[in-house]
Structures are given as structure tokens and as C-alpha cells.
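Enquirer: Take a look at the following structure, please.
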Amino acid sequence: EDQVTQSPEALRLQEGESSSLNCSYTVSGLRGLFWYRQDPGKGPEFLFTLYSAGEEKEKERLKATLTKKESFLHITAPKPEDSATYLCAVRGLIQGAQKLVFGQGTRLTINP
Amino acid sequence: DGGITQSPKYLFRKEGQNVTLSCEQNLNHDAMYWYRQDPGQGLRLIYYSQIVNDFQKGDIAEGYSVSREKKESFPLTVTSAQKNPTAFYLCASTLDRNTEAFFGQGTRLTVV
């Protein structure tokens with residue numbers, strides 16, 4: 001069974017204090033690992049897709065990396081507007097169909 | 001603008017009543033999904049559809065039903081058989097099997 005575990009559950013940082021969020025996964029036949037940002041009461045907003053180990057993607061203060069067992073979302077010099085819940089998901093091949101399986105998310109708070 | 005529209009944003013239902021949540025997309029995406037989100041938990045897959053007139057159960061389909069009569073529409077009915085329906089419901093779509101999912105803004109259902 002495909003599984004995704006995110007850590008920590010919650011993270012509080014000071015503005016400018018860099019850190020990383022972890023996403024550990026087990027999947028039968030990875031067809032993509034996805035990072036999303038979700039603000040309270042809103043739908044998730046797509047950030048990155050990673051397909052193979054060693055791949056990296058960047059967007060402003062965010063950088064996502066991928067190994068065979070986990071992915072990291074690195075946040076460099078964060079600002080208060082980066083506060084949100086960050087979700088990780090994997091797509092695996094299950095019985096001929098492809099489904100997205102999500103982790104429980106990391107709630108990130110950036111204090112000014 | 002292309003996107004996914006969920007309606008209504010807030011919905012209140014009395015116990016014992018069925019209720020239908022709307023999801024419409026104008027992205028010309030083939031696949032559509034329904035997820036449920038509870039506080040502190042990841043998104044859990046209810047139903048998904050990869051083509052018109054075909055859909056499959058996800059991990060928590062009991063007490064829910066769907067239809068896919070048009071490519072653009074994937075309504076979800078929460079039946080009276082769903083024991084704990086109060087939750088945040090999210091609809092998503094993907095262009096194909098290998099691309100990221102785009103989400104609507106969600107419907108918050110409360111049973112009163």
C-alpha cells in the first residue's frame with residue numbers, strides 16, 4: 001500500500017530562518033511526487049512535480065529535492081507570507097490506475 | 001480563466017438528508033477526483049474518474065456516490081449512509097496520468 005509521511009507536523013520559524021520539511025514515501029512504481037501549498041479554508045495550490053531521484057525544482061524561496069525514499073522542501077530566508085500548510089503527494093501505479101496519495105501535511109508558521 | 005469551480009462554498013445538512021456537491025472544470029482535463037479533508041489529516045480519496053461514464057471507488061467511498069455524464073462535471077452526493085459527513089471536500093482534475101492535479105476551492109459541509 002502506498003504511504004506518505006510528512007514531518008514535522010508543525011514548524012514555527014522566525015522570518016529569515018531557513019529550514020526543511022520532509023516527505024517520506026513508499027510507493028509501487030513512482031509516477032511523480034507533488035508538493036502543494038494550502039492556505040486555511042482554501043484548496044491546495046500546486047508548487048512542484050518531481051519524477052526521478054536526484055531531480056530538483058526551485059521557485060522563489062522554495063526548493064524541492066527527491067531521493068528514492070524521501071523528498072525535502074527547503075525554505076530559504078522565509079517570510080511571513082510563506083506561512084501555510086505544505087502537502088506532499090505521490091502518484092503510484094495501483095492495479096493499472098494511478099492515484100494520488102497525500103501525507104497529512106506540515107503546518108508552517110513564519111513569525112515576523 | 002480556466003479552473004475548477006466547486007459550489008457551494010458552505011453547505012449545511014440535516015441528519016438523514018442526502019446532499020450533492022458540485023464540481024465543474026473548464027480545463028479540458030480527462031480525470032477528476034473527490035477528496036475529503038479532516039483537521040490534522042491528509043486528503044483521503046473518495047472517488048475518481050478517468051473518463052466519462054466511468055469511475056472507481058477510492059479509499060473511503062462508503063456513503064458517497066458520484067456520476068460522470070459530462071467531461072466537465074463530476075458531482076458528489078453525500079448520502080444519509082455516511083456516518084460522519086462533516087468535513088472539507090475538495091475536487092481536483094488532471095490532464096492525464098502523468099501531470100499534476102489542480103484543485104477547486106473546496107466545499108465545507110456541516111451536518112446540523
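The values are calculated or read from the model by the stated rules, or taken from the named source; none is laboratory data. On a predicted model such as this, the values are computed, not experimentally measured, just so you know. Backbone-built Cβ (ideal geometry, glycine too); neighbour counts: all protein chains shown. Just so you know, the surface numbers come from the protein's heavy atoms only, side chains and all, with ligands and any DNA or RNA stripped out. Shrake-Rupley method; radii C 1.70, N 1.55, O 1.52, S 1.80 Å.
Enquirer: What pairs can you find where one residue is in segment A:30-41 and small (Gly, Ala, Ser), the other is part of a strand (DSSP E or B), and their Cβ atoms are less than 6 Å apart, with a gap of 6+ or different chains?
Expert: Once the first residue is small (Gly, Ala, Ser) and sits in segment A:30-41, its partners that are part of a strand (DSSP E or B) give A:Gly32/A:Thr49; A:Gly32/A:Arg91.
Enquirer: Further question: Out of A:Thr65, A:Thr49, A:Thr5, which single residue is open to solvent by 60 Å² or more (accessible area, probe 1.4 Å) and closer than 27 Å to B:Leu90 by Cα?
Expert: Values: A:Thr65 fails: open to solvent by 60 Å² or more (accessible area, probe 1.4 Å); A:Thr49 fails: open to solvent by 60 Å² or more (accessible area, probe 1.4 Å).
On inspection, the qualifying residue turns out to be A:Thr5.
Enquirer: Does A:Tyr86 count as hydroxyl-bearing (Ser, Thr, Tyr), under 24 Å from B:Ile4 (Cα atoms) and either within 14 Å of chain B (Cβ to nearest Cβ) or not in a strand (DSSP E or B) (or both)? Quick ask: steps written out before the conclusion?
Expert: Numbers: hydroxyl-bearing (Ser, Thr, Tyr): yes; under 24 Å from B:Ile4 (Cα atoms): yes; either within 14 Å of chain B (Cβ to nearest Cβ) or not in a strand (DSSP E or B) (or both): yes.
The answer is yes for A:Tyr86.
Enquirer: I've got another one for you. Go through segment B:63-81 and give me each residue that's in a loop (DSSP other than H, G, I, E, B) and surrounded by fewer than 21 Cβ atoms within 10 Å (Cβ to Cβ). Outline the logic, then answer.
Expert: Step one: of segment B:63-81, the residues in a loop (DSSP other than H, G, I, E, B) are B:63, B:67-69, B:71-72, B:74-75, B:79-81.
Answer for segment B:63-81, where residues must be in a loop (DSSP other than H, G, I, E, B) and surrounded by fewer than 21 Cβ atoms within 10 Å (Cβ to Cβ): B:Gly63, B:Ser67, B:Arg68, B:Glu69, B:Lys71, B:Glu72, B:Pro75, B:Thr79, B:Ser80, B:Ala81.
Enquirer: Can I ask one more? More than 8 Å from chain A (Cβ to nearest Cβ), surrounded by 14 or more Cβ atoms within 10 Å (Cβ to Cβ), more than 25 Å from A:Leu93 (Cα to Cα) and modelled with pLDDT under 95: is that true of B:Ser49 in this structure? Steps first, please.
Expert: Numbers: more than 8 Å from chain A (Cβ to nearest Cβ): yes; surrounded by 14 or more Cβ atoms within 10 Å (Cβ to Cβ): yes; more than 25 Å from A:Leu93 (Cα to Cα): no; modelled with pLDDT under 95: yes.
So B:Ser49 does not fit the description; no.
Enquirer: Take the residues in segment A:29-46 that are of a type in the set (A, V, I, L, M, F, W, C) and surrounded by 19 or more Cβ atoms within 10 Å (Cβ to Cβ), then tell me which one is modelled with the lowest pLDDT. So that I can check it myself, show each step before the final result.
Expert: Going residue by residue through segment A:29-46, those that are of a type in the set (A, V, I, L, M, F, W, C) are A:30, A:33-35, A:46.
Okay, now just the ones that are also surrounded by 19 or more Cβ atoms within 10 Å (Cβ to Cβ), so A:30, A:33-35.
Details: A:Leu30: 86, A:Leu33: 95, A:Phe34: 96, A:Trp35: 98.
Per the stated criteria, the residue is A:Leu30.
Enquirer: Within the group B:Ile4, B:Ile60, which residue is surrounded by fewer than 17 Cβ atoms within 10 Å (Cβ to Cβ) and touching a strand residue (DSSP E or B) at 6+ places or on another chain (Cβ under 8 Å)?
Expert: Values: B:Ile4 fails: surrounded by fewer than 17 Cβ atoms within 10 Å (Cβ to Cβ).
Step by step, each of B:Ile4, B:Ile60 is checked, and only B:Ile60 is surrounded by fewer than 17 Cβ atoms within 10 Å (Cβ to Cβ) and touching a strand residue (DSSP E or B) at 6+ places or on another chain (Cβ under 8 Å).
Enquirer: Among the residues of segment A:68-103, write down those that are closer than 21 Å to B:Arg97 by Cα, of a type in the set (Val, Ile, Thr) and buried (at least 20 other Cβ atoms within 10 Å of the Cβ).
Expert: A:Val90, A:Val101
Enquirer: Mind telling me which of the residues B:Ser67, B:Ser93, B:Ser49 ends up being under 11 Å from the mean Cα position of the chain (by Cα) and touching a residue at least 40 places away in the same chain (Cβ under 8 Å)?
Expert: Details: B:Ser67 fails: touching a residue at least 40 places away in the same chain (Cβ under 8 Å); B:Ser49 fails: touching a residue at least 40 places away in the same chain (Cβ under 8 Å).
Exactly one of B:Ser67, B:Ser93, B:Ser49 is under 11 Å from the mean Cα position of the chain (by Cα) and touching a residue at least 40 places away in the same chain (Cβ under 8 Å), namely B:Ser93.
Enquirer: Keeping to segment A:54-77, report how many residues are in a loop (DSSP other than H, G, I, E, B) and in contact with a Leu (Cβ under 6 Å, 6 or more places away or on another chain). Don't jump to the end; show me each part of the working.
Expert: From segment A:54-77, those in a loop (DSSP other than H, G, I, E, B) are A:54-55, A:60-61, A:67-69, A:76-77; that's our starting set.
From what's left, in contact with a Leu (Cβ under 6 Å, 6 or more places away or on another chain): A:55.
The number of residues fulfilling the criteria is 1.
Enquirer: Moving on. Given the conditions (1) open to solvent by 40 Å² or more (accessible area, probe 1.4 Å); (2) within 13 Å of chain A (Cβ to nearest Cβ); (3) farther than 21 Å from A:Tyr36 by Cβ, and given that B:Arg44 satisfies all but one, which numbered condition is not satisfied?
Expert: Just one mismatch for B:Arg44, condition (3).
Enquirer: Also, I was wondering about something else. Which of the residues spanning segment B:63-87 are in contact with a Ser or Thr (Cβ under 9 Å, 6 or more places away or on another chain) and either of a type in the set (S, T, N, Q) or facing chain A (nearest Cβ under 8 Å) (or both)?
Expert: B:Ser65, B:Ser67, B:Ser73, B:Thr77, B:Thr79, B:Thr86, listed by residue number.
Enquirer: Considering every residue within segment A:23-35, establish whether at least one is among the aromatic types (Phe, Trp, Tyr), within 13 Å of chain B (Cβ to nearest Cβ) and more than 18 Å from B:Thr94 (Cβ to Cβ).
Expert: So the first thing to find is which residues in segment A:23-35 are among the aromatic types (Phe, Trp, Tyr), and the list is A:25, A:34-35.
Narrowing further to those that are within 13 Å of chain B (Cβ to nearest Cβ): A:25, A:34-35.
Cutting the leftovers down to more than 18 Å from B:Thr94 (Cβ to Cβ) gives us A:25.
Checked against the condition, which is being among the aromatic types (Phe, Trp, Tyr), within 13 Å of chain B (Cβ to nearest Cβ) and more than 18 Å from B:Thr94 (Cβ to Cβ), segment A:23-35 yields at least one hit.
Enquirer: Just one of (1) in contact (Cβ under 8 Å) with a residue 24 or more places away in the chain; (2) small (Gly, Ala, Ser); (3) open to solvent by 40 Å² or more (accessible area, probe 1.4 Å) trips up A:Gly54, so point out which.
Expert: Of everything listed in (1) in contact (Cβ under 8 Å) with a residue 24 or more places away in the chain; (2) small (Gly, Ala, Ser); (3) open to solvent by 40 Å² or more (accessible area, probe 1.4 Å), A:Gly54 misses just condition (1).
Enquirer: To continue, here is another question. Could you say which residue among A:Thr26, A:Thr106 is β-branched (Val, Ile, Thr) and open to solvent by less than 40 Å² (accessible area, probe 1.4 Å)? I'd like the intermediate steps shown before the answer.
Expert: Values: A:Thr26 fails: open to solvent by less than 40 Å² (accessible area, probe 1.4 Å).
When all the criteria are applied, what remains is A:Thr106.
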